1. Restricting attention to segment 167-188, report how many residues are open to solvent by 40 Å² or more (accessible area, probe 1.4 Å) and part of a strand (DSSP E or B).
2. Return yes when GLN70 is under 17 Å from LEU158 (Cβ atoms) and either modelled with pLDDT of 90 or more or surrounded by 14 or more Cβ atoms within 10 Å (Cβ to Cβ) (or both) and no when it is not.
3. Is it the case that segment 178-197 has a residue that's hydroxyl-bearing (Ser, Thr, Tyr) and under 23 Å from TYR126 (Cα atoms)?
4. Evaluate segment 33-43: report whether one residue or more is among the hydroxyl-bearing types (Ser, Thr, Tyr), exposed (fewer than 14 other Cβ atoms within 10 Å of the Cβ) and within 24 Å of SER161 (Cβ to Cβ).
5. Looking at segment 149-164, can you tell me whether even one residue there is assigned to a loop (DSSP other than H, G, I, E, B), closer than 19 Å to GLN207 by Cβ, open to solvent by 10 Å² or more (accessible area, probe 1.4 Å) and in contact (Cβ under 8 Å) with a residue 40 or more places away in the chain?
6. Inside segment 198-220, can you point out the residues that are closer than 19 Å to ASP122 by Cα and not in a loop (DSSP other than H, G, I, E, B)?
7. How many residues does segment 90-108 hold that are open to solvent by 60 Å² or more (accessible area, probe 1.4 Å) and in contact (Cβ under 8 Å) with a residue 24 or more places away in the chain?
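The values are calculated or read from the model by the stated rules, or taken from the named source; none is laboratory data. Here the structure is a predicted model, which is why all the values come from computation and not from measurement. Cβ placement follows ideal geometry from the backbone for every residue including glycine, while neighbour counts extend to all protein chains displayed. The protein model used for the area step is the full one, side chains on, heavy atoms only, and it has no ligands, DNA or RNA in it. Shrake-Rupley method; radii C 1.70, N 1.55, O 1.52, S 1.80 Å.
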Amino acid sequence: MIAVEELIGQNHIPGNFFAPEVYVQGDTELGLIENRNRSRLIALPDTLLKSLYSSLEHEVGPAADLVMQQCGRWWGKNFYRRFASEVSDYYGKSLAEMEMVEFLQTFKECWKTYGWGLIDFDFSHYNQGFLVITTQHSAFAQAREAGKKPSCFVETGLLSSFFSQLTGRELDCIQTSCESMKADCNRFILGLPERIKMAQAWLEEAQDHDTILVRLCNSQPRDAA
């Protein structure tokens, strides 16, 4: 039990660093948006996202998805640096020193405050080497016209890059359901590249998330994640 005198003696009791009312700041007259550390933030309107999709598809055709994924990887690398720096400074400990529950809650709050929707994690397949991530209300899915394949390529790149740096292992990510396809949420599977790549063919065969995940977990691993 924490003694009352210890609480009184503390100068600062950390709360939610990413609370929107304190994290997002700015000057509406100047059109400036900053975070609580005075780093610039950028707002991406739906119109801009839709234009990015259509422009890329016009310029590079089928390669547009790969371009978006590579942009996500670059974004994820920089996002990790900022997240790690801000969280470590605020809570007084590195990401590696944080309890898993504390890290996940902080990450969820960050994702929501950045306007990327809601995110959740399923570790029930960790022993098979996979992490399942779900998101809802994705701006990238909403900006994409309804199609026959998942469209959150920025998120797949961002998630693979972020968790590769977090774990110190090269990871890849594949999306298996998408809100742009009228799914209830966006589902992603994260794992070692040589195992994740097997799922691409199953995705092209229009197999659903549950089927793909079962087949991945039943596949013979070359290494344990």
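1. Residues in segment 167-188 being open to solvent by 40 Å² or more (accessible area, probe 1.4 Å) and part of a strand (DSSP E or B): 1 in total.
2. Working: under 17 Å from LEU158 (Cβ atoms): yes; either modelled with pLDDT of 90 or more or surrounded by 14 or more Cβ atoms within 10 Å (Cβ to Cβ) (or both): yes.
For GLN70, the condition - under 17 Å from LEU158 (Cβ atoms) and either modelled with pLDDT of 90 or more or surrounded by 14 or more Cβ atoms within 10 Å (Cβ to Cβ) (or both) - is met.
3. Let us first name the residues in segment 178-197 that are hydroxyl-bearing (Ser, Thr, Tyr), namely 180.
Among the residues that remain, those that are also under 23 Å from TYR126 (Cα atoms) are: none.
No, segment 178-197 contains no residue that is hydroxyl-bearing (Ser, Thr, Tyr) and under 23 Å from TYR126 (Cα atoms).
4. Initially, segment 33-43 is screened for residues among the hydroxyl-bearing types (Ser, Thr, Tyr), giving 39.
Filter once more, keeping what is exposed (fewer than 14 other Cβ atoms within 10 Å of the Cβ): 39.
Remaining after also requiring within 24 Å of SER161 (Cβ to Cβ): 39.
Yes - at least one qualifying residue is present in segment 33-43.
5. Taking segment 149-164 as the starting set, the residues that turn out to be assigned to a loop (DSSP other than H, G, I, E, B) are 149-152.
Pick out the ones that are also closer than 19 Å to GLN207 by Cβ and you get 149-152.
The next check asks that each one be open to solvent by 10 Å² or more (accessible area, probe 1.4 Å); those that pass are 149-150.
Subset that is in contact (Cβ under 8 Å) with a residue 40 or more places away in the chain: 149-150.
Yes, there is a match, as at least one residue in segment 149-164 is assigned to a loop (DSSP other than H, G, I, E, B), closer than 19 Å to GLN207 by Cβ, open to solvent by 10 Å² or more (accessible area, probe 1.4 Å) and in contact (Cβ under 8 Å) with a residue 40 or more places away in the chain.
6. Scanning segment 198-220 gives ALA199, HIS209, ASP210, THR211, ILE212, LEU213, VAL214, ARG215, LEU216, CYS217, ASN218.
7. Result for segment 90-108: 1.
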